[in-house]
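The values are calculated or read from the model by the stated rules, or taken from the named source; none is laboratory data. Keep in mind that what you see is a predicted model, and the values were worked out from it rather than measured. Cβ sites come from the backbone with ideal geometry, for glycine too, and all protein chains shown count toward neighbours. Side chains are part of the model used for accessible areas, which takes the heavy atoms of the whole protein and leaves out ligands, DNA and RNA. Shrake-Rupley method; radii C 1.70, N 1.55, O 1.52, S 1.80 Å.
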Amino acid sequence: MTSDANITLDAIIDRTLDALAPIDPQQQAGDAPLQALRARQEEGTFRLAVLGQFKRGKSTFLNALLGADLLPTDILPVTAIPTFIGADDSVTARVFFFNQTDPVRFEEGQDGSFGDFLQAYVTEAGNPDNHRQVERVEIGHPAAILKQGVVLIDTPGIGSTFKHNTEVAYQILPHCDAALFLVSPDPPITEAEIAYLREVRELLPRTFFLLNKVDFLSEKDKVVSLTFLADQLKPLFDGAPQVLPLSAKNGLTARLTQDKELWKSSGMYQVEQNLIDFFAREKQQILELSLRRRVKDQLNTQIMHLQLSLEALRLPELDLKKRITMFEEILPAIEREKQSSADVLAGDLKRIVTALTQQIEALRSAAKQRVMPKVEGVIQEVADTEELERQVRAIVANQLPIFFAPALRQVDDAIRRQATEILSLHQKRAEQLIEQVRKAAAELFNVPYHAPLVERVYAHFDPPGWSQDLFISDMDPIGQKISRKLMTKRFRHRRTVQRLREQTQKLLNENTEQMNWALRRGLDESFRRYGSELDEQLDKIIAATRAAMDIALQKKSTQHQQLEDQLALLERTITELQALAQQCLAPEESN
């Protein structure tokens, strides 16, 4: 293949797909990731993420940049939901969910404020532990900065007490092209932020650094903070990057009051001008570089698969059979580890179910203590049977929603937190097991190992939504009219009292069991699906490795010339993909 220093990314993807076309599908890694990257390139939008630790002022900064009090800025952490903000003619929003296809929409002119709409989905107050199962939020806004083909991404902060926030902050990185990294003086940059920046540096070609909340500092302290931050960043970025000081809070006030002087003194004017200049001069170049890195990663993955197939074909038949045997000997240990993980997972599920049972029983008792005394009070005070019936029904209709609505959320939150943390730990263990299989195959055939830039998948507990329509049934099954004709007043009253007590107890039990059933079903389904998906991933990797070796063994029985042709094809394809991978790099990266 002729080297072309100016080859386009589209051409690299085309040539890669053309080169892989004659290769047996079982000898390659598949083209779906490359097709996704092509679609990303055709979309052309530049994704700029705002990153940083919890409460550094990321949402306030974005509000100032957009010139609108748009995103929630709670004292507490927001829920771990990435928010994508793109250009639109008016303020709109779409909320996407893990467990349904149709998003919830907000458009200007509908009832309720935009702020209230977002609060219900992206804050801990409105959506604690993401019990609504929101995947992402997409906002449309007419800000001028967005009309340059830019999508801003508000990310959950790392380092908060909500572990899910940190996981999602890592998970969002492969979807970004560059980042604005916010820090603030109190506290100074932390070890968690340094560790996060190492990942950012590997995945993103450009990062801007901002020191927020400088309005709390004297000029002397501001210089000290800027110097300290620059010194901490030097080892990560081969020299101290530029750090711009600002006050997002003052910047937002300036935008809302149209105070140009405050806008300049807040530091936001300089940040905005730097971004405008960057978008005009470098945006397309950085977008190209970001996508090239990801295409290069896919090429390296393909190359490793092809090299394994090539080395398997090159081996004498006896040596190949020996390597196949060695690989098969590794698998029982992998299977034992997988079974051990499954046993631990099953044990963890039992422990969560036990905890759920205990909480449900406590809830059942609390419900009775809350409602039954009120019912008994009416029974003791009201002598008229019809009035008694009416008041008890009113109490039950009023008290059940008041008690069970927050109780549903409280128990759900507690169980979700336990389940999510357990599944996350098992996810990491499973990823290590998958990596072990990949490395074993590479070592058996002396193939250079390539660790792919995989997205961190966060395993979340996804209980099904249950109806919150509480069981308030007809508490007079035979009817007062009939009972008045057939029974004495005293007997009818005594019978009504007994029935009202029984029916109230029954309603409390039914609501409690409804919650128990829904959460138990959600736990069983989430753990089952999780285990099934991980088994599928592991089985797929083992099957792909086996297929490469089995195909090589089958081809040993073909004619010598056919085998030579297959070897030549693999060698040419590997050489071509290696050249394309090298051409994915920018000139400064290839030196």
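For the peptides 344-351, 567-574, residues were scored by their other Cβ atoms within 10 Å and the scores averaged per peptide; the highest-first order is 567-574, 344-351.
Taking packing as the residue-averaged number of other Cβ atoms within 10 angstrom, the listed peptides 55-65, 370-380 run from highest to lowest as 55-65, 370-380. Entry comment: accessible area of the chain is 49 Å² per residue, from protein heavy atoms only and a probe of 1.4 Å. With a simple spin-label model that places each label point 7 Å from the Cα along the Cα-to-Cβ direction, the separation between LYS540 and GLU510 comes to 4.5 nm.
Taking 0.36 nm per residue of separation and subtracting the Cα-Cα distance, what length does fully extending PHE228 through LYS368 add? Write down the numbers at each step before the final one.
Working: separation 140, 0.36 × 140 = 50.40 nm, distance 5.92 nm.
Working it through step by step, the gained length comes to 44.5 nm.
Annotation for the range 362-401 versus the range 491-538: alpha-carbon center distance of 22 Å. Charged side chains reduced to their Cβ positions (Lys and Arg at +1, Asp and Glu at -1) give the range 45-130 a dipole of some 500 debye around its Cα centre.
How high is the FRET efficiency between ASP215 and ALA195 when r is their beta carbon distance and R₀ equals 22 Å, given to the nearest 0.05?
On the way: r = 28 Å, r/R0 = 1.29.
Once rounded, the FRET efficiency stands at 0.20.
Between ALA394 and GLN380, the modelled label-to-label distance comes to 2.0 nm, taking each label 7 Å out from Cα in the direction of the beta carbon. All C-alpha pair distances within the range 380-452, sorted into 5 Å bins from zero, spread as 3, 12, 11, 9, 8, 7, 7, 6, 6, 5, 5, 4, 4, 4, 3, 3, 2, 1, 0 percent across the bins.
So, by mean Cβ neighbours within 10 angstrom, what's the order for 177-185, 207-215 with the highest one leading?
Values: 177-185: 23.4, 207-215: 21.9.
The most tightly packed comes first, giving 177-185, 207-215.
For the range 525-565, the equivalent ellipsoid derived from the Cα gyration tensor has semi-axes of 37, 6, 5 Å, listed largest first. Full extension of the chain between ASP277 and SER340 gives 17.1 nm of extra length, using 0.36 nm per residue less the Cα-Cα distance. Annotation for THR357 and GLU261: the two label points, set 7 Å from Cα along the Cα-Cβ direction, are 7.1 nm apart. When DSSP beta bridges are restricted to pairs lying wholly in the chain, around 40% turn out antiparallel. Within the assembled protein chains, the solvent-accessible surface assigned to ARG409 is about 90 Å², based on a 1.4 Å probe.
Counting only DSSP H runs of at least 4 residues, each contributing -39500 (n - 2.57), and dividing by the residue count of the chain, the helix-based mean residue ellipticity at 222 nm comes to -22000 deg cm²/dmol.
Taking other residues whose beta carbon is less than 13 angstrom from the beta carbon of ALA29, and scoring Lys, Arg as +1 and Asp, Glu as -1, yields -1. Between ARG490 and LEU17, full extension at 0.36 nm per residue minus the direct alpha carbon distance yields a gain of 161.5 nm.
The distance linking the range 12-52 with the range 138-152 is 26 Å (Cα centroid to Cα centroid, whole angstrom).
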